[in-house]
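The values are calculated or read from the model by the stated rules, or taken from the named source; none is laboratory data. Values in this document were obtained by computation on a predicted structure and should not be read as measured data. Quick reminder, even Gly has a Cβ in these numbers, built from the backbone with ideal geometry, and neighbours come from all protein chains shown. What goes into the accessible areas is simple: the full protein's heavy atoms, side chains included, and nothing from ligands, DNA or RNA. Shrake-Rupley method; radii C 1.70, N 1.55, O 1.52, S 1.80 Å.
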Amino acid sequence: QAFSLFVKAKEVPAAGRCPAGGEGVRWRCCRQAFEELPGIHRHVALQHAGDIGRQAGLTTDAGRQAGLPAKQAAAEASPSSGPVPVGDADGLNGHSCSTPEITCTLPDTSRVSYDDLTSKVGEVLLYYCYCEVKDPEKLCAWQKALCQHLHLTGKVRVASEGINGTVGGSKVATSLYIEVMLSQPLFKGILCQEDFKSSAGGAHCFPDLRVGVFKEIVPMGIDPKIVSHKETGIHLSPQEFHREVEQYLSQASQGQSDTILLDCRNFYESKIGHFQGCLAPDIRKFSYFPSYVDENLELFKDKRVLMYCTGGIRCERGSAYLRSKAVCREVYQLKGGIHKYLEEFPDGFYRGKLFVFDDRYAICSNEDIISACRYCGTLWDQYKLCSSQHCRQLVLTCPSCHNKGLTACCPVCQEKELKVTSRASGQTLKEECECTRRRPRVPIERVSQRMLDAGK
């Protein structure tokens with residue numbers, strides 16, 4: 001019965017089937033289409049045996065707890081015209097998760113056409129929510145089922161401290177996703193509509209769906225129990241932040257500023273777009289940020305710090321870490337990040353593109369180009385992956401240089417290719433290229449005057 005319910009949940013609505021030449025696609029699962037019953041049965045048996053087993057066991061357990069016979073308990077999990085129990089789609093309890101704060105239900109999509117649900121014209125959502133999660137595994141399983149149900153792709157990180165996600169899909173799908181997230185009791189009173197940042201895109205912006213449980217919802221590399229988001233800096237709305245930056249730039253131009261405008265992102269993000277007069281650390285990963293602060297504590301002594309990042313989440317932990325050092329006079333952060341700021345001030349103090357972690361690489365709000373081609377120096381800000389198959393660096397190479405075959409991040413990759421050696425385990429090691437070799441892991445800001453010069 002659990003097997004049957006799982007297959008039933010994968011049916012394509014009649015409106016989405018081929019009108020001629022037979023019924024066409026009748027089931028979809030794991031981004032595959034199936035026209036015949038044996039095909040979907042074979043797929044489910046091979047790929048979802050564990051899900052079916054958990055569904056059968058959990059449904060029966062839930063029934064026993066409620067005093068129901070096993071058959072009746074399983075029947076309670078069958079699809080209806082209302083919200084679909086997540087157990088039907090991903091092997092969870094048909095009524096609710098074991099943690100009472102999590103309601104594991106899926107939205108009703110029976111009245112939505114398959115074409116509307118899977119339309120390529122859509123958007124990408126970015127959001128996070130810090131809250132206590134007693135059972136991250138259950139929340140993770142529900143998220144996976146929810147995204148699959150709505151044909152969303154993207155990345156979702158779940159931890160005991162909350163959830164962080166960026167997903168893409170049709171506007172119908174993303175609207176339903178937001179609706180379900182806001183109705184989830186676990187997020188009540190914490191997550192709100194304005195916490196979801198959106199931009200034009202869709203499911204095609206991500207190669208697949210990745211949902212997992214991690215220690216941190218943003219990888220800073222420090223246990224959340226040691227540096228908690230609860231010790232974060234003072235949140236400023238986009239309007240408040242705009243006024244602060246305006247004042248900072250005015251004072252900096254006169255050499256009188258006691259403020260640091262700090263970009264918490266990685267170097268390749270700030271390279272194509274940043275706030276005027278900012279200090280943008282030359283770091284490759286956010287997990288290097290704590291070391292950067294430690295090595296440059298004198299820089300922040302008695303300063304007012306204005307921090308910002310893409311959507312706000314890195315500032316939550318980053319500002320908490322900076323405050324834990326007790327050297328700054330005040331620490332502020334941009335609520336909603338650059339995303340929200342650009343919604344209200346597309347031609348404000350942020351210039352250039354906004355880097356995003358999907359196949360678009362960047363989104364824009366103004367026409368400014370502040371970065372240059374790696375090879376010829378002409379203005380250019382559209383990233384591509386290094387052409388060397390063993391390198392994952394991003395490179396700015398304009399169409400003219402690209403047509404000349406200049407497609408790698410540095411001469412080592414371009415001229416020699418990377419030498420690959422094998423470990424005994426079969427894993428490969430890559431030769432460090434010029435890009436990574438030249439960049440110190442944790443840069444030391446030796447001259448603080450550089451921020452004031454940038455402000456001018």
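Tell me, what is the per residue accessible area of segment 347-399 in Å², probe radius 1.4 Å? Don't skip to the answer; put the middle values down first.
Details: 2610 Å² over 53 residues.
Per residue, segment 347-399 has 49 Å² of solvent-accessible surface.
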What percent antiparallel are the DSSP beta bridges of segment 155-303, to the nearest 5? 50
For segment 318-335, in residue order, the Karplus 3J(HN,Hα) values (coefficients 6.51, -1.76, 1.60; θ = phi - 60°; whole Hz; Gly and Pro = x) are x, 5, 5, 5, 5, 5, 5, 7, 6, 10, 7, 6, 8, 10, 10, 9, 7, 5
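Rounded if a/c is under 1.5, else prolate if a/b is larger than b/c, else oblate: which is segment 329-401, with a ≥ b ≥ c the root eigenvalues of its Cα gyration tensor? Show your work: numbers first, answer last.
Values: a/c = 2.36, a/b = 1.76, b/c = 1.34.
Judged from the Cα gyration tensor, segment 329-401 comes out prolate (a/c at least 1.5, a/b above b/c).
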Can you tell me the FRET efficiency between residue 120 and residue 1 if r is taken as the Cβ-Cβ distance and R0 is 35 Å, rounded to the nearest 0.05? 0.45
With the cut-off at 18 Å, tell me which of the pairs 144/340; 120/171; 230/335; 353/384; 303/325; 138/215 have Cα atoms farther apart than that. 144/340
Residues whose built amide H sits under 5 Å from the amide H of residue 27, excluding neighbours closer than 5 in sequence, are 12, 34
Residue 302: accessible area at probe 1.4 Å, nearest 10 Å²? 100
Gyration tensor (alpha-carbon) shape descriptor, segment 174-229, a/c threshold 1.5: oblate
Please list, in order along segment 382-392, the HN-Hα scalar couplings obtained from phi with the Karplus expression 6.51 cos²θ - 1.76 cosθ + 1.60 (θ = phi - 60°), rounded to whole Hz, x for Gly and Pro. 9, 6, 9, 6, 3, 6, 6, 5, 9, 10, 10
Using modelled backbone amide H atoms (1.01 Å from N, in-plane), which distant-in-sequence or interchain residues come within less than 5 Å of residue 279's amide H? 261, 262, 263
Mean Cβ count within 10 Å, highest first, over the residues of peptides 356-367, 317-328, 184-195: 317-328, 356-367, 184-195
How large is the accessible surface of residue 226 in square angstrom, using a 1.4 angstrom probe and rounding to the nearest 10? 130
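When DSSP beta bridges are limited to those with both residues in segment 234-364, what percentage is antiparallel, rounded to the nearest 5?
Working: 5 of 18 bridges.
Bridges in segment 234-364 that DSSP calls antiparallel: roughly 30 percent.
DSSP beta bridges in segment 112-213, what fraction antiparallel, as a percent rounded to 5?
Numbers: 21 of 26 bridges.
Here the share of antiparallel DSSP bridges comes out near 80 percent.
Any idea of the accessible area per residue across segment 245-308, 1.4 Å probe, to the nearest Å²?
Values: 2190 Å² over 64 residues.
Accessible surface, normalised per residue, equals 34 Å².
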Work out from phi, with θ = phi - 60° and the Karplus expression 6.51 cos²θ - 1.76 cosθ + 1.60, the ³J(HN,Hα) of each residue of segment 371-376, listed in order in whole Hz, and give x for Gly and Pro. 10, 10, 4, 4, 9, 10
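Using Cα-Cα distances under 8 Å and only pairs 6 or more residues apart, what relative contact order does segment 112-213 have, in percent?
Numbers: 211 pairs, mean separation 43.7, N = 102.
Averaging sequence separation for qualifying contacts and normalising by length gives 43 percent for segment 112-213.
State the percent of C-alpha pairs, over all pairs in segment 234-364, separated by a distance greater than 22 angstrom.
On the way: 2589 of 8515 pairs.
When all Cα pairs of segment 234-364 are counted, 30 percent exceed 22 Å.
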